[in-house]
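The values are calculated or read from the model by the stated rules, or taken from the named source; none is laboratory data. Fair warning: this is a prediction, and the values are worked out from it, not measured in the lab. Glycine also receives a Cβ, built like all others from the backbone with ideal geometry; neighbour counts cover every protein chain displayed. These area figures cover heavy atoms from the full protein model, side chains too; ligands, DNA and RNA do not enter into them. Shrake-Rupley method; radii C 1.70, N 1.55, O 1.52, S 1.80 Å.
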Amino acid sequence: MPNPQWKNDQPTTYFVPDRHNKNELFRLAIQDQMITQAIGGVLTEQKEPERIRRVLDIGCGAGSWIIEAAQTYPAMSLVGIDISPRMVEYAQKIARTQSISDRVTFQIMDALRPLEFPNESFDMVNIRLGNSFIRTWDWPQLYLEMLRVTRPGGIIRVTESGAIDDNIKGVHLQIQKAFVSALFRAGHIFKHESAGLTGRLQGQFKQYGAQGIQTKEYHQVYR
């Protein structure tokens with residue numbers, strides 16, 4: 001059976017249009033490393049990460065977070081999904097070079113459609129910087145799908161960018177403000193403010209049935 005048309009790397013809501021550019025792969029890898037470093041590790045907020053055995057990473061991009069998680073937790077198996085065949089191919093290649101492809105797999109999949117997994121398939125569903133491709137009206141369906149594929153008592157882990165760094169001034173501050181404005185106009189955040197997404201996610205998850213919601217704020221230092 002031929003693949004659905006959307007699997008052929010068609011235009012998406014991702015805010016970087018040229019997904020074939022090798023520089024974008026490198027940028028995503030560096031971005032993932034910076035975020036992981038800023039929060040102290042791949043799963044530092046989890047009290048018993050060794051109990052998390054099966055993980056789904058939505059919008060995995062170049063696969064950096066999954067690969068680091070697999071290296072850190074040898075008993076963990078992970079699945080990454082991304083709509084871009086280029087990203088998936090790159091991530092698979094890196095997994096093979098790191099000799100973890102027996103526990104790490106990547107699939108071409110559109111997270112804005114029903115997830116192609118059975119109910120209660122994962123101990124954890126992870127998504128980082130989903131606002132790069134998710135619009136405000138897409139979140140409700142994605143909430144429900146994440147809840148569906150997470151086992152009872154499992155974890156949905158969302159990492160998103162928020163407030164503008166108070167230490168940034170001048171032209172860099174103006175660039176950040178312009179970026180927030182562009183995200184709002186494109187429908188990627190709920191309000192025209194730096195916390196226009198993070199300020200709403202907790203309430204939305206609770207509305208759709210998530211329990212035991214916890215939040216933690218981190219600060220990324222740019223030098």
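Going residue by residue through region 59-66, is there one that turns out to be closer than 17 Å to Tyr90 by Cβ and of a type in the set (Ser, Thr, Tyr)?
Filtering region 59-66 for residues closer than 17 Å to Tyr90 by Cβ gives 59-66.
Next, from what is left, pick out any that are of a type in the set (Ser, Thr, Tyr): 64.
Yes, that holds for at least one residue.
Of these, Phe190, Phe122, Phe179, Phe205, which one is in contact with a Lys or Arg (Cβ under 6 Å, 6 or more places away or on another chain) and modelled with pLDDT under 90? Walk me through how you get there before you give the answer.
Values: Phe122 fails: modelled with pLDDT under 90; Phe179 fails: in contact with a Lys or Arg (Cβ under 6 Å, 6 or more places away or on another chain); Phe205 fails: in contact with a Lys or Arg (Cβ under 6 Å, 6 or more places away or on another chain).
One residue alone meets the criteria, Phe190.
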Just checking, how many residues over region 146-157 are open to solvent by less than 20 Å² (accessible area, probe 1.4 Å) and farther than 18 Å from Leu43 by Cα? 2
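Please find, within region 114-145, the residue that is surrounded by the fewest Cβ atoms within 10 Å (Cβ to Cβ) out of those that are polar (S, T, N, Q) and under 27 Å from Ala186 (Cα atoms). Outline the logic, then answer.
Going through region 114-145, the residues polar (S, T, N, Q) turn out to be 119, 121, 126, 131-132, 136, 141.
Pick out the ones that are also under 27 Å from Ala186 (Cα atoms) and you get 126, 131-132, 136, 141.
On the way: Asn126: 25, Asn131: 21, Ser132: 18, Thr136: 18, Gln141: 15.
Step by step, filter region 114-145, then rank; the result is Gln141.
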So Arg54 clears everything in (1) in contact with a Ser or Thr (Cβ under 7 Å, 6 or more places away or on another chain); (2) under 22 Å from Tyr218 (Cα atoms) except one condition, right? Which one? (2)
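Filter region 1-60 down to the residues that are aliphatic (A, V, I, L, M) and either open to solvent by 40 Å² or more (accessible area, probe 1.4 Å) or modelled with pLDDT under 60 (or both) and list them by number. Steps first, answer last, please.
Step one: list which residues in region 1-60 are aliphatic (A, V, I, L, M), which gives 1, 16, 25, 28-30, 34-35, 38-39, 42-43, 52, 55-56, 58.
Met1, Ile30, Met34 - these are the residues of region 1-60 that are aliphatic (A, V, I, L, M) and either open to solvent by 40 Å² or more (accessible area, probe 1.4 Å) or modelled with pLDDT under 60 (or both).
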Picked from region 73-88 (must be surrounded by fewer than 21 Cβ atoms within 10 Å (Cβ to Cβ) and among the small types (Gly, Ala, Ser)), the residue farthest from Lys22 (Cα to Cα) is Ala75
Condition check: touching a helix residue (DSSP H, G or I) at 6+ places or on another chain (Cβ under 6 Å) and surrounded by 21 or more Cβ atoms within 10 Å (Cβ to Cβ). Does Phe106 satisfy that? yes
Filtered residue count, region 169-223, keeping only those that are within 19 Å of the chain's Cα centre (by Cα), open to solvent by 60 Å² or more (accessible area, probe 1.4 Å) and among the hydroxyl-bearing types (Ser, Thr, Tyr): 2
